[in-house]
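The structure appears right after this line, and notes come after that.
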Amino acid sequence: MPRIARVLERDMRMWIRDEWKGGIYFVEHALGGTAGISDCFLILPRQMTPCELKKGEMKKSCFVFELRSKQRDYHQECFDYGIGTIFLVMIGSAVYGCVGKRVIDHTDKAWPMNMWSRMGSDKDIVRLVQAAWLFASKPRLVR
């Protein structure tokens, strides 16, 4: 991994550690691990929410960042089982959030700004987590 990518991921982790007042578990990717799994899980009472952390850039009123197919598959599977997920994207020093299902349903590699909400505090993240769970409240798969 290029040096710049590690620094940027660290910035995003530092931001979420500073802003999020609930519990948080970071996932360390390793050989034999689940490909596509979220970068961290945010903990609220009776709720654990997968959270994808991204560093992106702004191009023509759109956010641009890398979303691998395994990540898209993981968030779709969570949604199918009624699990809400979120994406947090750092653009410069600002962080924006979106419900995971809305992100993965968008097939382009640039996401319009109007899909995203600016995250100013942990209260904004809590509202986003609640919206994600409402969005995914009816499981599509039952085994």
Which ones in region 25-56 are over 14 Å from residue 85 (Cα atoms), at pLDDT 90 or above, of a type outside the set (D, E, K, R) and touching a helix residue (DSSP H, G or I) at 6+ places or on another chain (Cβ under 9 Å)? 26
Which numbered condition residue 17 misses (of (1) assigned to a helix (DSSP H, G or I); (2) of a type in the set (D, E, K, R); (3) in contact with a strand residue (DSSP E or B) (Cβ under 9 Å, 6 or more places away or on another chain); (4) surrounded by 14 or more Cβ atoms within 10 Å (Cβ to Cβ)): (4)
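Kindly indicate the residue of region 104-122 that is within 17 Å of residue 73 (Cβ to Cβ) and without any contact (Cβ under 8 Å) to a residue 40 or more places away in the chain and also farthest from the chain's Cα centre (by Cα) among those meeting that condition.
Start the filter on region 104-122 by keeping residues that are within 17 Å of residue 73 (Cβ to Cβ), which leaves 104-107, 109.
Still in the list and also without any contact (Cβ under 8 Å) to a residue 40 or more places away in the chain: 104-107.
Working: 104: 10, 105: 14, 106: 14, 107: 16 Å.
Ranking the qualifying residues of region 104-122, first place goes to 107.
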Could you please give the count of residues in region 35-53 that are part of a loop (DSSP other than H, G, I, E, B), surrounded by 11 or more Cβ atoms within 10 Å (Cβ to Cβ) and not aliphatic (A, V, I, L, M)? 3
Please enumerate the residues belonging to region 103-127 that are assigned to a loop (DSSP other than H, G, I, E, B) and touching a Gly at 6+ places or on another chain (Cβ under 6 Å). 119
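Among the candidates 56, 84, which residue alone is part of a strand (DSSP E or B), surrounded by 11 or more Cβ atoms within 10 Å (Cβ to Cβ), within 13 Å of the chain's Cα centre (by Cα) and not acidic (Asp, Glu)? Working first, answer last.
Values: 84 fails: part of a strand (DSSP E or B).
None of the others qualify; the one that does is 56.
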Scan region 85-101 and report the pairs whose first residue is under 19 Å from residue 61 (Cβ atoms) and in contact (Cβ under 8 Å) with a residue 24 or more places away in the chain and whose second residue is among the hydroxyl-bearing types (Ser, Thr, Tyr) and crowded, with 21+ Cβ neighbours inside 10 Å, with Cβ atoms within less than 6 Å and a gap of 6+ or a chain change. 89/96
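The values are calculated or read from the model by the stated rules, or taken from the named source; none is laboratory data. Since we're looking at a predicted model, the values are computed, not measured. Note that each Cβ is placed from the backbone with ideal geometry, even for glycine, and that neighbours are counted across all protein chains shown.
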